[in-house]
Amino acid sequence: MRVLVTGASGMLGRAVADTLAGRGDEVTVLQRRPSGSPYRELLGDVADESAVTRALAGQEGVVHLAAKVDVVGPWEGYRRANIEGTRTLVEGACRGSVQRFVQVSSPSVAHAGSSLAGAGAEPADPDRARGNYARSKASAELIALGADSDDLVVTAVRPHLVWGPGDTQLIGRILERARAGRLPVLGRGTSLVDTTYVTNAADAIVAALDRADVARGRALVVTNGEPRPIGELMRDICVAGGVPAPRLHIPARVAWAAGAAVEGAMALSHVLPGVPEITEPPLTRFLAEQLSTAHWFDQRHTRRVLDWTPRVTLDEGLELLAASASRNQ
Amino acid sequence: MTAGSPLPRGLPGVDPAWSRTLEAPDAEGTPRTWHVLDNGPQLAAAGVPTEQTLLCVHGNPTWSYLWRRVLESAPPGWRVVAVDQLGMGYSQRTETPRSLPQRVEDLSRLTTALGIDGPVAILAHDWGGPISLGWALAHREQLARVVLTNTAVHQPAGSPLPGAIAAARTPPLLDLVTRRTPGFVRAATATCRPALPTPVRDAFAAPYSSPARRTAVRDFVADIPVSASHPSHAALTAIAEGLDALADVPALMVWGLSDPVFSGRYLADLQRRLPHADVHTYPDASHLVLEDRPEGVSLIWDWLTSRPTEVAAASAEVVPIQVDATVPGRTAIVELTGEGGHITFGALAERVDGLARGLHARGVRRGQRVALLVRPGIDLTTVLYAVWRLGAVAVVADAGLGRRRLGAALRGAAPDHVVGFPAARALVLATGIPGQWIRLGRDDVAGLIAEGLGHPLSPTELFSPTAELDLDGAVLFTSGATGPPKGVVYTRRQVGAQVALLRDAFALRPGGRFVAAFAPFALYGPALGLTSAVPDMDVTAPDTLTAAALADAVEAVGASIVFASPAALSNVVATASELTAGQREQLRRPELVLSAGAPVPAALLRRLKELLPAAATHTPYGMTEALPVATTDPTTLDPDDPADRERGVCVGAPLPGVTVRTAALLPDGTASEELTDEPGQLGEIVVRAPHVKDRYDRLWGTQRASARPAGWHRTGDVGHLDARGRLWVEGRLTHVVTTADGPVAPYAVEQAIESVPGVRRAAVVGVGPTGTQQVVAVVVPEGAAPSGSGRRAALWERVRGLRGAETDVPADVAARVRTAAGVPVAAVLRRDWLPVDIRHAAKVDRTELARWATTLLHGPRAAREAFGGQSRAPSRRSR
């Protein structure tokens, strides 16, 4: 199959491209900047119609990962990258030769901060989703799934907290803060949280491409299916990354209030002249909620529909992380 | 004949298509407009023929709205007609009050107008009961079944009207409360537990919005006949006495026992009139029982659509439940408690007969229930056999239930008489146990026997112990983890079969001698000609048995057998150092120790064997509903033999005459309908034996759910049979964790975790939704001390909670726990103690632990949603 992968410079995008190529698919990647990808690389923005039309020419499948992923920043950036980017790509795919489209999304598109235990994949809801990232991704998912038709079958896959060696988003930030002694455990650290090792997420996305006929038209949450107390998870990640485990516990409500204060300060820093703009906040309410409430999902439906099971267990993933960390030291 | 519906729009739970009005003559022939909820037109429109009709009749001050769930869940082929009585609901208001006989006739004319032919079942509530029963007696040829909910047909002589009704009947107040104000109408739905949603309460009150619309509400209350001079009295009496004619009509009574109006005594009255009726009681439900417990509706449908299953009684030898006085001079009982006591079999048999006459003189009759609040010993034994001698039913509850639950248990069994020690009187009064009080102090036994001396008693009233074996013999109670204890009824045959099974399983022969530190089995000694010694202990508190007291009891009769609960044995081991050399010598005599009631750790038994070196230590497995099922001596299992290391706890092979099967677990954690004897199949343990309970007392739905297939008993335990036919118990069905990979039973995983160094105890619970639950291991580390109770301890736990003490399981221990568990474990949490049951201090309350774990792992709101506010048995801290 000829497949276009967007966002292939990130950890998960790279893993998806490698998995596809590894089994003989013909991979093209669409990048904003040259990434040294071993695959056929086209440069351009997913929100740029002409670049998208060029990239889609002759493709049979699309895996759309490119997105603005962050916890802060003004709405316009998210809207353009995540909503307009998806719309442009989906419209291009409808016009062209593409038959299968996998939208890579996030469980946060459907949830509003409450505890999730054994949850299913509820419909995306831009009004309830928290934060600019989740709101824009919710709209994007609705656009993609709305385009599902017999000519272009669309599936949304929502991996939860993807991590692995070389991850700069989650693991990188945790380790960096722990190293600086700025990583507290929120609440008692017992909230049960599930995550997804990168290989498993990539496998699931490829499975969604293959099983498009069964999986089409809906969203599927993907995780390792091995929830752990968040405190234990952070400790294990720190140990694997070779940094000291966090010791400080902050009550969840205090953290939430602190997050609110930080967000207020950031908003002010954007508008007040002479105040340095805050771009890397220590804490937001979204993050406080993510780290102090349960987040794990019922995987039975996903596994049945995708005919997929995670290949790498949490413990094996931590070992791979540790091996990679010791190589880099 | 139909017209537009007068119903307001949007009443919760009502399909407007059910609502119709029609004209029918009343008892005097005056045309009246009735309102009914009727699914008949829907059935007709769908072309479904009506096979049976359910006629639902409400009381005062409700209306057909009461039956909305019955209509909603009607099975195919059933037409449900719920009427609004004249003057009530949305039916026409009448100029003058309608009396009971008029209302019965009104209803008959309405059913004719509705074209109801073919078989009819009636379902009634409150004063709808007498009216529909009046209809039933007039339509015997059509009447198929009767269902009654919180109603009455008779005001027992000399007993006062229920307070609320009595107060409302004084004329000026009556009019004020029932008609001029909506007080009575609103009060009817105010008693509901839990409280009804406001829209539902408003719906109940909707037809009674003005004084003019409430006239019949007042007249209905005034129509309750309290004296013979009342115009409706004759009609009510005729209906009540006519119920004999319904002896062949299947009947069901569904009752909320917390009804301030139609309390349990009205149920008891109806049970006497319809003794064949099935009964299901909800102890916590109030007057509007189907509002408080909507599941009662599906129970009623289950009953209406089920065929009674006749199960042939399993044939088995039955030991007569009477004192075996073959050797009259032999010692029957020696008491080492208090002042001490001693009685021979001959004297005991005479005393039983004398007391039976005395109890008969006080009014105890065949088939009546007699609650026994008497401490184990000679007096309890005497009164128990005297009750059986009269063909009455012994109601026996264990003081270990705690006062409140003991009271609730006995109240629920509705005894006709209560025989108790003087000290028990306060409990009876405080917890509202009904029945005639018969005091049984030390001197009262002699007094009662004296009363009986001159009392004429026909030979048939002193029961032959082998006669009428299918009469109820005893009511015992489960300790049930949730809700009030359930009554369990044994017939005389089942009691006799249990005695025979115990005799054969443990080779108990006449002349044998035993120590009775565990009441249930000890009571059977006299029937088997066994000599028993009651040790010096508080028999209601098993852990008060000391090693010295046990040795003295052994010496007193030369005992070769010891019956004791696990807690008692634990204390015996703990107090061994106080033994004298002579006492140690006595403990070499017993050849058998029997311990039942809760799991007994093999380690405890091994230490016990150091004290009682000649004894086999058997731990019969069973439950209140079926005891024993199997037995084994756990110390004989070989830890090095792979066959003795299966998952769970080996409880031995089923005893002779007992059949054990398993019902495989389904992904949602329920058990299949199919039974299997395939080795290794994990499932609910299901047993069949001649001594299995007859039924749960006044819990028709619970009994039906437990007897699947009919004649079997679902134990609520899970486990498997091994290749040698031995049974391995792996936990409780309600504690099975339903993971996405299949059901996980707790015991085996817990045992594996307890093998990890540093872990003293472990409990495994599930968190999350059924079918995709995560396994959580709760561990008590070695060296953890149960911190004290009280506010300081609670505060300290909160402080430690903030520091993350719950997750303070060292990483290496957590890793070893995960490896040992053999199943994926989401979280390893530590505690300093586990909550255990009060009765045996041995059963871990895994439901409480699951709630605790859910609070930690998912937050307090998720825990509330998952576990709600269910009423639970109290638990205490493990040691």
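The values are calculated or read from the model by the stated rules, or taken from the named source; none is laboratory data. Not measured: the values here are computed from a predicted model. Note: ideal-geometry Cβ built from the backbone for every residue, glycine included; neighbour counts use all protein chains shown.
Here are the numbers for the structure shown:
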item: Verdict on B:G716 being within 18 Å of B:E848 (Cβ to Cβ) and out of contact with any Pro (no Cβ under 9 Å at 6 or more places or on another chain); result: yes
item: B:V780 surrounded by fewer than 24 Cβ atoms within 10 Å (Cβ to Cβ), at pLDDT below 95 and assigned to a strand (DSSP E or B); result: yes
item: One residue from B:P76, B:P97 being in a loop (DSSP other than H, G, I, E, B) and either in contact (Cβ under 8 Å) with a residue 40 or more places away in the chain or more than 36 Å from the chain's Cα centre (by Cα) (or both); result: B:P97
item: Per-region count, the stretch B:726-777, residues away from chain A (no Cβ under 14 Å) and part of a loop (DSSP other than H, G, I, E, B); result: 7
item: Candidates A:S105, A:S139 - the one that is among the hydroxyl-bearing types (S, T, Y), in contact with an Asp or Glu (Cβ under 8 Å, 6 or more places away or on another chain) and modelled with pLDDT of 95 or more; result: A:S105
item: Helices (runs of 4 or more DSSP H) contained entirely in the stretch A:1-116, each with at least 1 residues that are in contact with a strand residue (DSSP E or B) (Cβ under 9 Å, 6 or more places away or on another chain); result: A:11-22, A:49-56, A:85-95
item: B:A850 vs. criteria in contact with a Phe, Trp or Tyr (Cβ under 8 Å, 6 or more places away or on another chain), more than 30 Å from B:T540 (Cα to Cα), buried (at least 20 other Cβ atoms within 10 Å of the Cβ) and not acidic (D, E); result: yes
item: Top-ranked residue of the stretch A:193-247 - restricted to ones that are touching a residue at least 24 places away in the same chain (Cβ under 8 Å), outside any loop (DSSP other than H, G, I, E, B) and charged (D, E, K, R), ranked as farthest from the other protein chains (Cβ to nearest Cβ); result: A:D213
item: Failed condition for B:G134, given (1) surrounded by 18 or more Cβ atoms within 10 Å (Cβ to Cβ); (2) at pLDDT below 95; result: (2)
item: Inter-residue pairs, beta-carbon under 6 Å, first assigned to a helix (DSSP H, G or I) and in the stretch B:226-246, second among the basic types (K, R) and buried (at least 17 other Cβ atoms within 10 Å of the Cβ), 6+ apart; result: B:L243/B:R273
item: Condition check for B:L427: of a type outside the set (G, A, S) and buried (at least 22 other Cβ atoms within 10 Å of the Cβ); result: no
item: Number of the exception - B:D741 against (1) touching a strand residue (DSSP E or B) at 6+ places or on another chain (Cβ under 7 Å); (2) closer than 15 Å to B:V823 by Cα; result: (1)
item: The lone exception for B:G367 - which of (1) under 20 Å from the mean Cα position of the chain (by Cα); (2) part of a loop (DSSP other than H, G, I, E, B); (3) crowded, with 18+ Cβ neighbours inside 10 Å it fails; result: (3)
item: Looking only at the stretch A:297-327, and only at residues there that are among the polar types (S, T, N, Q) and under 15 Å from A:T199 (Cβ atoms), the one that is nearest to the other protein chains (Cβ to nearest Cβ); result: A:T313
item: Breaking point among (1) in contact with a His (Cβ under 7 Å, 6 or more places away or on another chain); (2) modelled with pLDDT under 65, for B:S871; result: (1)
item: Residue count for the stretch B:431-450, restricted to those that are surrounded by 14 or more Cβ atoms within 10 Å (Cβ to Cβ) and part of a loop (DSSP other than H, G, I, E, B); result: 4
item: Residues of the stretch A:117-131 classified as within 14 Å of chain B (Cβ to nearest Cβ) and in a helix (DSSP H, G or I), total; result: 0
item: Pairs, first under 20 Å from B:A325 (Cβ atoms) in the stretch B:447-467, second among the polar types (S, T, N, Q) and surrounded by 12 or more Cβ atoms within 10 Å (Cβ to Cβ), C-beta under 7 Å, six or more apart; result: B:P465/B:Q322
item: Residue in the stretch B:727-748 that is touching a residue at least 40 places away in the same chain (Cβ under 8 Å), under 28 Å from B:G412 (Cβ atoms), surrounded by fewer than 16 Cβ atoms within 10 Å (Cβ to Cβ) and not polar (S, T, N, Q) present; result: no
item: Candidate set: the stretch B:707-726, residues that are of a type in the set (A, V, I, L, M, F, W, C) and crowded, with 19+ Cβ neighbours inside 10 Å; chosen: the one nearest to the chain's Cα centre (by Cα); result: B:A707
item: For B:A752: the one exception among (1) surrounded by fewer than 24 Cβ atoms within 10 Å (Cβ to Cβ); (2) under 31 Å from the mean Cα position of the chain (by Cα); (3) of a type in the set (G, A, S); (4) under 18 Å from B:G719 (Cα atoms); result: (2)
item: Strands (runs of 3 or more DSSP E) enclosed by the stretch B:616-679 - at least 2 residues per element that are in contact with a His (Cβ under 6 Å, 6 or more places away or on another chain); result: B:626-631
item: Selection within the stretch B:24-65 - surrounded by fewer than 14 Cβ atoms within 10 Å (Cβ to Cβ) and either in contact with a Phe, Trp or Tyr (Cβ under 7 Å, 6 or more places away or on another chain) or not aliphatic (A, V, I, L, M) (or both); result: B:E28, B:G29, B:T30, B:P31, B:P41, B:G47, B:P49, B:E51
item: Selection from the stretch B:414-446 of residues that are touching a residue at least 40 places away in the same chain (Cβ under 8 Å) and of a type in the set (D, E); result: B:D416
item: Residues located in the stretch B:404-424, provided they are crowded, with 20+ Cβ neighbours inside 10 Å and assigned to a helix (DSSP H, G or I); result: B:R405, B:L406, B:G407, B:A408, B:A409, B:L410, B:R411, B:G412, B:A413, B:A424
item: Flag if A:G77 is farther than 19 Å from A:G10 by Cα, more than 14 Å from chain B (Cβ to nearest Cβ) and not β-branched (V, I, T); result: no
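Yes or no, residue by residue, for (1) touching a Cys at 6+ places or on another chain (Cβ under 6 Å); (2) aliphatic (A, V, I, L, M); (3) modelled with pLDDT of 95 or more; (4) at negative phi:
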position: B:V318; (1), (2), (3), (4): no, yes, no, yes
position: B:A325; (1), (2), (3), (4): no, yes, no, yes
position: B:R330; (1), (2), (3), (4): no, no, yes, yes
position: B:G340; (1), (2), (3), (4): no, no, no, no
position: B:G346; (1), (2), (3), (4): no, no, yes, yes
position: B:A371; (1), (2), (3), (4): no, yes, yes, yes
position: B:I378; (1), (2), (3), (4): no, yes, no, yes
